[in-house]
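The values are calculated or read from the model by the stated rules, or taken from the named source; none is laboratory data. Nothing here was measured: the structure is a model prediction, and the numbers come from that model. Backbone-built Cβ (ideal geometry, glycine too); neighbour counts: all protein chains shown. Accessible surface is based on the protein model in full, side chains and every heavy atom, while ligands, DNA and RNA are left aside. Shrake-Rupley method; radii C 1.70, N 1.55, O 1.52, S 1.80 Å.
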Amino acid sequence: MEEWEDWHWQLRNRIYTLDQLKEVIRVTPEEEAAVSRTQGRLVMAIPPYWASLMDPEDPHCPIRRQAVPVSEEFNIREHDLRDPCGEDGDMPVHGLVHRYPDRVLFLVTEQCAMYCRHCTRRRLVGANHGLMNSYEPAFEYLRNHKEVRDVLISGGDPLMMTDVRLDKILVELRKIPHLEFIRIGSRTPVTMPQRVTEEFCAVLKKHKPIWMSLHFCHPKEVSGRLKTAMDMLAESGVPLGSQTVLLKGINDDPEVMKKLMHELLKVRVRPYYIYQCDPAQGISHFRTSVETGIKIMEALRGHTSGYAVPTFVIDGPGGGGKIPVAPNYVISYENGVMTLRNFRGEIYTYHEPQAGEEAFIPVLQTGGSAKRPHRVRKNGNGNGSGTANGNGFHGFQEYLP
Ligand SMILES: *Cc1c(COP(=O)(O)O)cnc(C)c1O
């Protein structure tokens, strides 16, 4: 179908109403109550492409749950925040969040192709807050702030703008000599891959290098159509990263998350972050424990390709920025001796070099190729104290001349 491939058609034919929704899925009472009650809720909008991935019968379908509101969205908990990441307080110019020393988050639009039910920026998104009125104050700020070397263009979703408009933003940013790193944060290639056209890729190529951070939450999102879009971006020289929100009942399972990471690598997307779900208002039904996230990280590191292991972070509520949270692999660390466990739970000891305790013993030349001297402990007695040994490591004696 030719029109199916037209992203404007996908946008025009998004599902907004209960009646339209009933045409594609068997709507539950919770869904019906939420869709009917529009006041105070982030708007529903589902591109036909995304709807085609939804299970019409299963209300627990991960694709469906990210797109169809349920009545729990109206529950606001004690610690929920309107602006969970404290972005409004770090905006020197409307739409420009300058929190970290050398980089800014540039919110260029409130629009998205699909409104994710777990949206953390729901205070801004889907309505008009003037983000698109004028970018000139943001450009002026960036021109005057030479410490900024990195601009993350986000929103809303920058890909909701026309190629012409996006090109204009990139033209202005590229005129600012101290901006050395430009990336676009977008979910549109995932929710509506038809947006990734040759024309769009040409804009990215024109301003190369442009990096992209995409938002993926479930392996079902990596469809054949999605792969085509990723191929086009990758073949346009755009490095692709993914950001995943840890969501209860959707991906809070080590096997689901590992599968997602593997699917991403297959389409040349490097997992970048997993986020603990922010305490935004009305999304507590998507939140799970931090421990769940740590267990997922534990199940990834060592058990699969390092490229499939992103960083798990919590965005410090109120404006703390991204704080990494990881399983603890350090058992003890005292007097230059670190005891560690590996991904299998085996214990290893690492001795830091100690002043006065070491000497350089030059390695003799063998076969004409000069080797660098090895650092050897004077009282070296192998690979250290009683570690699990049996993985082919025989201490450094065998490396001595
Ligand atoms: C996430 C974020 C960035 C980018 O952070 P990286 O760790 O460099 O990806 C910049 N500014 C704000 C306000 C952010 O939330």
Which residues, taken from the stretch 339-351, are in contact with a strand residue (DSSP E or B) (Cβ under 7 Å, 6 or more places away or on another chain) and loosely packed, with under 15 Cβ neighbours inside 10 Å?
-> N342, F343, I347, Y350
Within the stretch 141-166, which residues are in contact (Cβ under 8 Å) with a residue 24 or more places away in the chain and of a type in the set (D, E, K, R)?
-> R143, K146, E147, R149, D150, D157, D163
Only one of (1) closer than 27 Å to D167 by Cβ; (2) in a helix (DSSP H, G or I) is not met by E110, so which one is it?
-> (2)
Mind checking whether some residue in the stretch 78-89 is more than 16 Å from the ligand (Cβ to nearest atom), within 25 Å of the chain's Cα centre (by Cα) and buried (at least 18 other Cβ atoms within 10 Å of the Cβ)?
-> no
Residue pairs meeting the criteria (Cβ under 9 Å; at least 6 apart or on separate chains; first among the basic types (K, R), in the stretch 167-181; second open to solvent by less than 50 Å² (accessible area, probe 1.4 Å)) | K168/Y135; R174/I182; R174/H207; K175/F139
What are the pairs, 6+ residues apart or on separate chains, where a residue within the stretch 24-37 that is touching a residue at least 40 places away in the same chain (Cβ under 8 Å) and under 15 Å from I63 (Cβ atoms) has its Cβ under 8 Å from a residue that is basic (K, R) and surrounded by 15 or more Cβ atoms within 10 Å (Cβ to Cβ)?
-> I25/R64
Using the structure shown, decide if T228 is more than 30 Å from E72 (Cα to Cα), open to solvent by 10 Å² or more (accessible area, probe 1.4 Å), in a helix (DSSP H, G or I) and of a type in the set (V, I, T).
-> yes
Which ones in the stretch 60-80 are touching a strand residue (DSSP E or B) at 6+ places or on another chain (Cβ under 7 Å) and of a type in the set (A, V, I, L, M)?
-> A67
Restricting the search to the stretch 324-338, which residues are closer than 21 Å to A299 by Cα and open to solvent by less than 60 Å² (accessible area, probe 1.4 Å)?
-> V325, P327, Y329, V330
If we scan the stretch 85-93, do we find a residue that is part of a strand (DSSP E or B) and in contact (Cβ under 8 Å) with a residue 12 or more places away in the chain?
-> yes
Hits in the stretch 238-289 - residues which are buried (at least 21 other Cβ atoms within 10 Å of the Cβ), under 18 Å from V313 (Cα atoms) and either small (G, A, S) or not assigned by TED's automatic domain parsing to the domain that holds V313 (or both) | S242, A280
